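The structure appears below as structure tokens.
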Amino acid sequence: MTPVIALARFRLTGYVASHRALQPLIALLALLAVLYAGAIPAGQEIGATADSAAMLVPVLAWAARGLLDTEPDEQRSVALSALGPRELVSGLLAAFASLLVLAAIAETALLFRLVGSPTLTVLLTGVWLHLLSATAGLTLGALTSRPILPSPAVSTIALILGYLSMLVLSMAGARWLTVPVMAWMRDAHHDALLSGLPLLTVQSLLWPAIGLAAYTWLRRTRP
Amino acid sequence: MRIASLSFRYGRHDPWILSDAGLVLDAGDVVEVTGPNGTGKSTLLRLVAGLLRPVRGSIEERPRVVGYAPERFPSDQPFTVASYLRHMAAVRRVSTESIGRWSERLGMDHLLGQRLPDLSKGSAHKVGLAQALLAEPGLLVLDEPFAGLDAATRAELPRIIGEVGARGGIVVVSDHQGDLRAFPGLRRCEVRDGAVRELEPVEEAGETALTVLEVAVAASRASDLVDRLRAEGCAVNITGHTTGHITGHTTGHTAGRTTARVAGEAAE
């Protein structure tokens, strides 16, 4: 096992054992209960999967922030002394792994509420959109984690405003200026998602890439 | 390892903590960092360990394996001592056998099954030392390592530090208690007013005649004076607090004053 993976495993274990993992899990279950109170009619599978991915972003961001913030600051220093800059990679890896678990729960709940049988296309599109959602959540969570924003109040507000800005900007049609979560839903409900998925993927990964680069740069002076 | 023109402050609007500091550390060096509280000892240690980046200047040729024990071990973590050290051994890619070896040397065998949040301050401190020592570091940075330790471990730690130095490791220690004063070949550096100044080495015990002074000082200033005297290489024992009135004699006691016995090199 590489040191990066060993540290990610340590952090995931600490996250689960500290019960902080329960908070976003409970929020996710509440969200799923609302989303899937009624069954999903045949023909609306891709629309439902896009809705799920878009609405999951703040929950996943909260989970990512929770994982990164579970560890005491001095323990992060100990990890930094052991791994150097790879400590940051390990944190992101652990956070992303935890988000994949939550996204898988959401995807499974969705599949159980479908009236018709899901096609392979629906399944793969769902997995892909939830991966995009996890990437957006990881970025938002990392940028609002304690080393970057030490105040819990400021961090929480920044996380909420970050997601709201995604909604507002993408609702206004500015696909390149944010993660276009509203475009995911709009395209999916208008049968335009699959044909435009490559471009939408690029648009959806652009800001997470910039955000994670910013996080890496900021962490140089914020151990 | 070379520290050159090192300057550091935490933010653009914050005062400089270190300014144009320089230090060269050779293989096998054991360096004690002294100085009054709040002058930047821990900051210097964190810079040396690579936890902080210099704002200006550079730190070059840092050994690859760094062990760092913080002043306060973060015991608020949901692990037992054994599972925590197993995780740290995996992160360091060292065998779990080293956990047993260091647990024994630091007198913490009996703590392995305990949960970290249940540990006393001294016991938690031992866990912090153990994780720093697991990987045979080429650079060992210990922030106040003697604080809260029991007598047996206080006696063992200088031996451990000596072994790290003997195999070519660099050891940098901040130490308020003066437990390393008798360490042979100890280099001493003082952090004061943003500068790092190398102090004269303490002569080995027994080679220098000592004079014992009795000093009375206002209780509020006692801690600062003790720090300064220790930074100067004096052994200081605080002997008591008195509430008498000043008499004008050197042996007099004054209201709210602390008396201290100071042993220093005899004046010619």
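No value in this document is a laboratory result; all are computed from the given coordinates. Nothing here was measured: the structure is a model prediction, and the numbers come from that model. Reconstructed Cβ throughout: ideal geometry from the backbone, glycine too, with neighbour counts over all protein chains shown.
Some observations on this one:
- Gain upon complete extension [A:Thr201, A:Thr121; 0.36 nm per residue less C-alpha separation]: 27.2 nm
- P(r) histogram, all alpha-carbon pairs of the range A:150-194 included - 10 Å bins from 0, percent: 29, 39, 22, 9, 1
- Seen from all directions on average, chain A presents a Cα convex hull projection of 12.3 nm².
- Between the range B:101-180 and the range B:1-76, the alpha-carbon centres lie 19 Å apart.
- For the protein assembly as shown, size of Cβ-based charge dipole, Lys and Arg +1, Asp and Glu -1, in debye: 1100 debye
- Dividing the helix sum by the residues of chain B, where each DSSP H run of 4 or more adds -39500 (n - 2.57), gives a mean residue ellipticity at 222 nm of -8500 deg cm²/dmol.
- For the peptide A:69-78, the mean number of other protein chain Cβ atoms found within 10 angstrom of a residue's Cβ is 6.
- Exercise: per-residue mean of other protein chain Cβ atoms within 10 Å, B:41-53: 2
- DSSP-defined beta bridges in chain B - what % are antiparallel, rounded to 5: 65 percent
- Coupling constants for the range B:166-182 follow from the phi torsions by the Karplus curve (6.51 cos²θ - 1.76 cosθ + 1.60, θ = phi - 60°), and in residue order they are 5, 8, x, x, 9, 10, 10, 10, 9, 8, 7, 7, x, 5, 9, 3, 8 Hz; glycine and proline get x.
- Build a GNM of chain A with springs between Cα atoms under 10 Å apart, and of A:Ala17, A:Ala64, A:Ala50 the one that fluctuates most is A:Ala17.
- Per-selection Kirkwood Rh - the range B:55-183 (Cα, Å, 1 d.p.): 15.0 Å
- Computed [θ] at 222 nm, deg cm²/dmol, chain A (DSSP H ≥ 4; -39,500 (n - 2.57); rounded to nearest 500): -26000 deg cm²/dmol
- In order along the range A:57-66, the phi-based Karplus estimate (6.51 cos²θ - 1.76 cosθ + 1.60, θ = phi - 60°) of 3J(HN,Hα) comes to 3, x, 5, 5, 5, 4, 5, 5, 4, x Hz; Gly and Pro are listed as x.
- Helix axis angle, A:152-171 relative to chain A longest principal axis, alpha carbon, degrees: 30 degrees
- Within 10 Å of the Cβ of each residue in B:83-91, the mean number of Cβ atoms contributed by other protein chains is 5.
- Binned Cα-Cα distances of chain B, short to long, each 5 Å bin given as a whole percent: 1, 6, 11, 15, 16, 15, 13, 11, 7, 3, 2, 1, 0
- Bins of 10 Å, starting at 0 and running to the largest distance - Cα pair percent for the range A:153-223: 19, 42, 27, 10, 1
- Relative frequency of Cα-Cα separations exceeding 32 Å in the protein assembly as shown, percent: 53 percent
- For chain A, a crude dipole built from +1 on the beta carbon of Lys and Arg and -1 on the beta carbon of Asp and Glu, taken about the Cα centre, is about 500 debye to the nearest 20.
- Burial ranking of peptide ranges B:152-165, B:76-89 (average Cβ count within 10 Å, highest at the top): B:76-89, B:152-165
- Amide N of the range B:54-90 lying under 15 Å from the label point, which is placed 7 angstrom from the Cα of B:Asp109 along Cα→Cβ: none
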